[in-house]
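J.: Okay, here's the structure, questions in a sec.
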Amino acid sequence: MTTHTQTTDVETSAITLTGITKSYSAASPAALREVNLDILPGTSTAIVGPSGSGKSTILRIIAGLEDADGGQVRLSGRDVTALLPEQRGISMVFQRPLLFPHLTVLDNVAFADRAAGLSRGQARERAREHLELVQMGAFASRSPHSLSGGQQQRIAVARALAAKPSVLLLDEPFSALDPGLKDEMHAMIASIREAVNPTILFVTHDRDEASAMAERIVVLENGQLLQHDTVDNVFHRPASLAVARLLGGKNAFAGEVRNGVHHSAIGAVAISSTVESGPATLVFRQEAVSASARVPDNRTDASPPVTRDSDATACQSRGPRELHGVVTSAIQRGPRRELLVRVGDAEIRTEAAPGALLSAGDSVTVSLPCEALWTVPS
Amino acid sequence: MTAVQSRPRRHGMRATLLVLPAIIPVAIVVIGGIGTTVVQSLGLMPLVGTPALSVDAFESTDNLLGSALLSLGIAVVSTAIAAVVGFFTAVLIISGNWGGRIVGALSAAAVTVPHLVGAASVGLLLSDSGVLARILGIPPESWPALVAGPTWFAVIAEYAWKESAFVALIIVGTLATRITSYDETAAMLGASRGARLRLVLFPLAAPSLLVASAIAFAYTLGSYEVAWLLGKTYPEPLSVMALRLFNSASLTARPEAAAVAVITLLLTAAIVGVAMLGLRRMRAWQ
């Protein structure tokens with residue numbers, strides 16, 4: 001198993017964190033422990049993790065709103081660890097829009113230029129461009145309190161962009177919005193990226209949002225960086241069992257790899273022949289495997305059985321592994337139907353194939369595509 | 001349908017009944033007191049003689065204009081100092097560092113001190129044989145006339161000190177829970193401390209600053225004990241004059257006392273009215 005880390009030249013990174021540690025008090029556990037992170041310019045990166053994992057603390061340390069106990073923050077190669085927030089050239093959008101109530105929408109967006117010393121007229125002229133960027137040009141003269149939550153957050157993003165930041169930090173900016181509005185916001189961020197291509201680092205507890213808005217994901221737990229990788233790798237090739245769990249993976253089977261075959265409670269499953277032999281946990285996402293109704297026969301193993309380890313070949317050459325089992329519970333979640341299938345002594349979480357109206361007690365065949373299978377160190 | 005419509009009306013009636021015990025005494029004191037004073041000032045309620053509508057009490061009161069200008073001067077200067085000092089004290093308290101916490105505790109303590117005690121303390125501190133003069137080793141004849149002098153320094157100092165603490169606590173009370181977020185937001189938009197103070201903190205504090213200043217002004221204009229203890233005997237502020245005339249042995253002075261009180265009331269109402277109009281125009285208040 002390889003460790004998935006990103007290696008970049010420190011000088012070319014938009015953000016570089018080196019050995020960042022942070023404790024809020026001597027009695028409480030460390031909020032961040034030796035966090036190292038490189039963010040490339042023009043990328044969008046999501047930080048995900050459970051509550052209290054240190055997600056927001058990372059953002060606040062990068063922004064300068066919190067001081068790290070140790071380590072270094074560099075922006076485009078420049079050490080900013082000792083600089084005040086206003087000297088770092090960063091903008092941040094918070095969970096609440098925090099529009100200044102004493103200013104109109106236009107003057108809110110013009111705030112950064114006014115603070116930089118531009119005249120009111122010049123600042124407003126530039127602010128109009130940013131309002132158009134978030135499709136809010138018609139609301140320029142309105143008061144913030146007359147806008148909906150989604151509209152206010154659009155203005156907050158426009159206001160942050162108007163400061164021409166080298167990095168845009170977003171701290172759960174859309175978590176208070178309903179799903180429809182969230183989709184609109186994701187589309188807005190995509191259009192902003194096309195237009196001005198800022199480096200974006202955002203915190204979210206929503207895995208779907210992370211994959212919708214970012215091409216890379218940082219996974220944090222208990223102040224430790226567990227993985228920083230592409231969206232696909234983090235979801236389907238987690239660096240550890242903890243990452244798989246945090247990203248919502250529900251299938252994990254402890255066992256052992258011998259000659260490219262993983263042996264566990266669900267039986268022998270061929271995986272990549274490049275995986276080293278030894279103890280390993282087989283993981284695969286429930287969305288990546290499907291169950292369909294099975295024509296009864298006497299075998300519990302539908303695939304050609306792996307009789308000897310020496311028979312194992314690369315997973316790709318064997319085709320999907322098929323296992324027979326019985327549905328023990330079925331839960332409908334919107335258009336998807338989640339199944340818990342008992343296979344031997346183990347239980348696999350999967351989804352019913354489209355149109356398959358499966359329920360508890362049904363005999364099913366679970367198909368494990370080769371691409372969905374991954375092992376992590378036990 | 002009828003039940004649905006009558007429910008809010010019943011609720012409104014109940015709410016009105018619930019606040020009546022609070023409203024009735026206030027109405028009796030304010031409307032009754034003001035009404036009596038106005039009626040008395042217009043000669044309609046003389047202690048002796050026949051009631052007759054006249055403005056004699058306003059015309060016959062000696063140096064009413066001078067006293068009004070003096071009262072306004074003391075109130076405007078002390079309120080202005082209290083507003084400026086109070087605002088920056090609030091900024092210091094909101095900053096949350098140890099200095100701010102000490103200032104916050106001192107401000108809270110200052111608010112609890114009665115004006116009469118404050119006036120006596122300022123008198124003991126600033127008089128020509130007072131504590132400050134002794135500490136500095138300055139003889140009484142060389143010490144400036146801070147108490148009962150032509151500048152009304154001690155009176156203004158006492159009002160400014162007490163009211164600045166009041167103004168600071170009012171601002172802190174309204175801003176403490178939200179100012180940190182706005183301050184951080186402004187910092188993340190590149191605003192320096194000075195720009196944040198000018199563009200965020202002051203505009204957000206302005207409504208509570210205005211309200212607190214209006215209250216301080218009304219109090220300063222209407223209270224008599226500080227000016228009576230620490231001020232000159234002549235000219236005298238409106239409040240001191242009203243009390244003197246009210247307690248006068250001459251029964252004909254009673255309408256004059258009422259006239260002085262009415263002038264004080266009108267000045268206060270005018271200033272508070274202007275402050276309320278200003279408040280309504282503030283976007284941060286909306």
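J.: When you scan the range A:326-353, how many residues do you find that are among the small types (Gly, Ala, Ser) and within 15 Å of A:Phe284 (Cβ to Cβ)?
T.: Step one: list which residues in the range A:326-353 are among the small types (Gly, Ala, Ser), which gives A:329-330, A:334, A:344, A:346, A:352-353.
Those left that are additionally within 15 Å of A:Phe284 (Cβ to Cβ): A:346.
Going through the range A:326-353 one residue at a time, the tally reaches 1.
J.: Against the condition crowded, with 20+ Cβ neighbours inside 10 Å and part of a loop (DSSP other than H, G, I, E, B), how does A:Ser53 come out, does it pass?
T.: yes
J.: Could you look through the range A:157-195, keep only residues that are loosely packed, with under 15 Cβ neighbours inside 10 Å and hydroxyl-bearing (Ser, Thr, Tyr), and pick out the one that is nearest to A:Asp107 (Cα to Cα)?
T.: Top of the filtered list is A:Ser191.
J.: May I pose another question? Among the residues that make up the range B:162-174, is at least one of them away from chain A (no Cβ under 14 Å) and on the phi > 0 side of the Ramachandran plot?
T.: Among the residues of the range B:162-174, not one is away from chain A (no Cβ under 14 Å) and on the phi > 0 side of the Ramachandran plot, which makes the answer no.
J.: For A:Asp38, indicate whether it is more than 26 Å from the chain's Cα centre (by Cα), in the same structural domain as A:Leu131 (by TED's automatic domain parsing) and either part of a strand (DSSP E or B) or crowded, with 16+ Cβ neighbours inside 10 Å (or both).
T.: The answer is no for A:Asp38.
J.: Mind listing just one residue for me: the one in the range A:58-93 that is within 14 Å of chain B (Cβ to nearest Cβ) and among the polar types (S, T, N, Q) and, of those, nearest to A:Arg245 (Cα to Cα)?
T.: Here the answer is A:Ser91.
J.: Where in the range A:232-284 are the strands (runs of 3 or more DSSP E), entirely inside, with at least 1 residues that are within 26 Å of A:Ser211 (Cα to Cα)?
T.: The strands (runs of 3 or more DSSP E) meeting that bar are A:251-258, A:278-284.
J.: While we're here: I'd like to know if the range A:117-124 contains one or more residues that are of a type in the set (Gly, Ala, Ser), over 23 Å from A:Ser191 (Cβ atoms), touching a residue at least 12 places away in the same chain (Cβ under 8 Å) and in contact with a helix residue (DSSP H, G or I) (Cβ under 6 Å, 6 or more places away or on another chain).
T.: yes
J.: Starting from residues that are assigned to a helix (DSSP H, G or I) and among the polar types (S, T, N, Q), keep the ones in the range B:235-286 and report whichever is nearest to the other protein chains (Cβ to nearest Cβ).
T.: Residues of the range B:235-286 assigned to a helix (DSSP H, G or I): B:238-246, B:253-281.
Pick out the ones that are also among the polar types (S, T, N, Q) and you get B:239, B:264, B:268.
Values: B:Ser239: 36, B:Thr264: 34, B:Thr268: 28 Å.
Here the residue is B:Thr268.
J.: Tell me which residues, restricted to the range B:183-194, are surrounded by 20 or more Cβ atoms within 10 Å (Cβ to Cβ) and either facing another protein chain (nearest Cβ under 7 Å) or not acidic (Asp, Glu) (or both).
T.: Scanning the range B:183-194 gives B:Thr185, B:Ala186, B:Ala187, B:Met188, B:Leu189, B:Gly190, B:Ala191.
J.: Same structure, new question: Of the residues that sit in the range B:195-221 and are more than 7 Å from chain A (Cβ to nearest Cβ) and free of Cβ contacts under 8 Å to residues at least 40 places away in the same chain, which one is farthest from A:Ile90 (Cα to Cα)?
T.: Top of the filtered list is B:Ser208.
J.: Something else about it: Let me spell it out: the conditions are (1) in contact with a Ser or Thr (Cβ under 6 Å, 6 or more places away or on another chain); (2) at pLDDT below 95, and A:Gln6 meets all of them except one. Which number is the exception?
T.: Every listed condition holds for A:Gln6 apart from (1).
J.: Scan the range A:134-165 for residues that are polar (S, T, N, Q) and within 12 Å of chain B (Cβ to nearest Cβ) and jot them down.
T.: A:Ser141, A:Ser143, A:Ser146, listed by residue number.
J.: In the range A:353-378, what residues are at pLDDT 85 or above and more than 22 Å from A:Leu241 (Cβ to Cβ)?
T.: Result: A:Leu358, A:Ser359, A:Ala360, A:Gly361, A:Asp362, A:Ser363, A:Val364, A:Thr365, A:Ser367.
J.: Only residues that are closer than 18 Å to A:Ala160 by Cα and part of a helix (DSSP H, G or I): list them for the range A:197-222, please.
T.: Scanning the range A:197-222 gives a single hit, A:Met213.
J.: Hey, can you tell me all the residues within the range A:96-108 that are in contact (Cβ under 8 Å) with a residue 24 or more places away in the chain and facing chain B (nearest Cβ under 10 Å)?
T.: Let us first name the residues in the range A:96-108 that are in contact (Cβ under 8 Å) with a residue 24 or more places away in the chain, namely A:96-101, A:103-106, A:108.
Scanning the range A:96-108 gives A:Arg96, A:Pro97, A:Leu98, A:Leu99, A:Phe100, A:Pro101, A:Leu103, A:Thr104, A:Asn108.
J.: Taking only the range A:327-337 into account, find how many residues are surrounded by 15 or more Cβ atoms within 10 Å (Cβ to Cβ) and modelled with pLDDT of 90 or more.
T.: Residues that pass the stated criteria total 2.
J.: If we keep just the residues of the range A:114-133 that are facing chain B (nearest Cβ under 9 Å) and either closer than 29 Å to A:Ile39 by Cβ or of a type in the set (A, V, I, L, M) (or both), which is surrounded by the most Cβ atoms within 10 Å (Cβ to Cβ)?
T.: In this case the residue turns out to be A:Ala115.
J.: Go through the range A:11-22 and report how many residues are buried (at least 17 other Cβ atoms within 10 Å of the Cβ) and either more than 22 Å from the chain's Cα centre (by Cα) or not in a loop (DSSP other than H, G, I, E, B) (or both).
T.: So the answer is 6.
J.: Are any of the residues in the range A:116-127 acidic (Asp, Glu) and more than 30 Å from A:Thr12 (Cα to Cα)? Walk me through it before giving the result.
T.: Keep residues of the range A:116-127 that are acidic (Asp, Glu), which gives A:125.
Filter again for more than 30 Å from A:Thr12 (Cα to Cα), leaving A:125.
Among the residues of the range A:116-127, at least one is acidic (Asp, Glu) and more than 30 Å from A:Thr12 (Cα to Cα), which makes the answer yes.
J.: Any idea which of (1) at pLDDT below 85; (2) under 21 Å from A:Glu322 (Cα atoms) is the one A:Val261 doesn't satisfy?
T.: Among (1) at pLDDT below 85; (2) under 21 Å from A:Glu322 (Cα atoms), the lone unmet condition for A:Val261 is (1).
The values are calculated or read from the model by the stated rules, or taken from the named source; none is laboratory data. Here the structure is a predicted model, which means the values were calculated and not measured. Glycine also receives a Cβ, built like all others from the backbone with ideal geometry; neighbour counts cover every protein chain displayed.
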